Amino acid sequence: MQLAVELSLKPDQRYPYHTTFLRHIKTGQSYGMRFEVDNLGAESANMQMINWMVGVIDTLKCSMRAFRKTDANQWLDLNLQSWHRFAEEQHMQLVLTGIENEADEALASQLNIGLRQGYRFGRPSDPTKHKEVGQDGKVVEK
């Protein structure tokens with residue numbers, strides 16, 4: 001099992017003590033921990049918020065919800081391709097979350113984003129419940 005620490009970005013929140021934070025993340029990584037940043041959206045402020053963490057981030061997570069336009073004239077500062085390129089340049093993994101339908105999955109395929117999460121693949125489950133497949137092929141919760 002590998003431990004992953006996930007920071008969920010919050011707009012307008014400041015993250016003080018950068019040096020101490022980075023030192024703790026690097027110490028954890030020396031023991032095999034991974035550091036992930038979640039809730040990256042379509043605003044350039046999101047990318048600016050993580051610039052000071054670039055050397056320690058292992059995984060970026062972007063949600064499809066942030067990139068769905070409700071109006072064709074809506075402008076997005078950043079698109080998924082921007083995040084994909086940024087992740088590749090910085091040698092990070094990119095996970096596309098919130099994939100709910102075929103169109104979302106097709107977009108992920110078109111952008112070559114291989115790591116995907118969402119209701120399209122299954123609903124979240126309780127990790128404390130153990131499931132087994134019985135001899136009859138049915139799933140049994142233990």
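The values are calculated or read from the model by the stated rules, or taken from the named source; none is laboratory data. Only a predicted model underlies this, so the values are computations on that prediction, with no experimental measurement involved. A quick note on method: Cβ atoms are made from the backbone with ideal geometry, for glycine too, and the neighbour counts reach across all protein chains shown.
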(message) Restricting to region 2-56, give me the number of residues that are free of Cβ contacts under 8 Å to residues at least 12 places away in the same chain and either on the phi > 0 side of the Ramachandran plot or of a type in the set (D, E, K, R) (or both).
(response) 4
(message) Between ASN46, ASN51, which is polar (S, T, N, Q), under 25 Å from ASN101 (Cβ atoms) and out of contact with any Phe, Trp or Tyr (no Cβ under 7 Å at 6 or more places or on another chain)?
(response) ASN46
(request) Hey, could you check region 78-121 for residues that are part of a loop (DSSP other than H, G, I, E, B) and small (Gly, Ala, Ser) and say which is nearest to VAL56 (Cα to Cα)? (result) GLY114
(request) Among what's in region 57-69 and is in contact with a helix residue (DSSP H, G or I) (Cβ under 9 Å, 6 or more places away or on another chain) and either part of a loop (DSSP other than H, G, I, E, B) or touching a residue at least 60 places away in the same chain (Cβ under 8 Å) (or both), pick the residue that is nearest to TYR17 (Cα to Cα). (result) ILE57
(message) Take the conditions aliphatic (A, V, I, L, M), in contact with a His (Cβ under 6 Å, 6 or more places away or on another chain), more than 21 Å from ALA45 (Cβ to Cβ) and at pLDDT 85 or above and apply them to LEU111. Does it pass?
(response) yes
(message) Against the definition (of a type in the set (S, T, N, Q) and either surrounded by 10 or more Cβ atoms within 10 Å (Cβ to Cβ) or modelled with pLDDT of 90 or more (or both)), how does GLN74 come out, yes or no?
(response) no
(request) Among the residues of region 1-42, write down those that are among the basic types (Lys, Arg) and either loosely packed, with under 10 Cβ neighbours inside 10 Å or not in a helix (DSSP H, G or I) (or both). (result) LYS10, ARG14, ARG34
(message) Any residue that is under 22 Å from SER8 (Cβ atoms), of a type outside the set (Asp, Glu), touching a Leu at 6+ places or on another chain (Cβ under 9 Å) and at pLDDT 80 or above - is there at least one of those in region 119-130?
(response) no
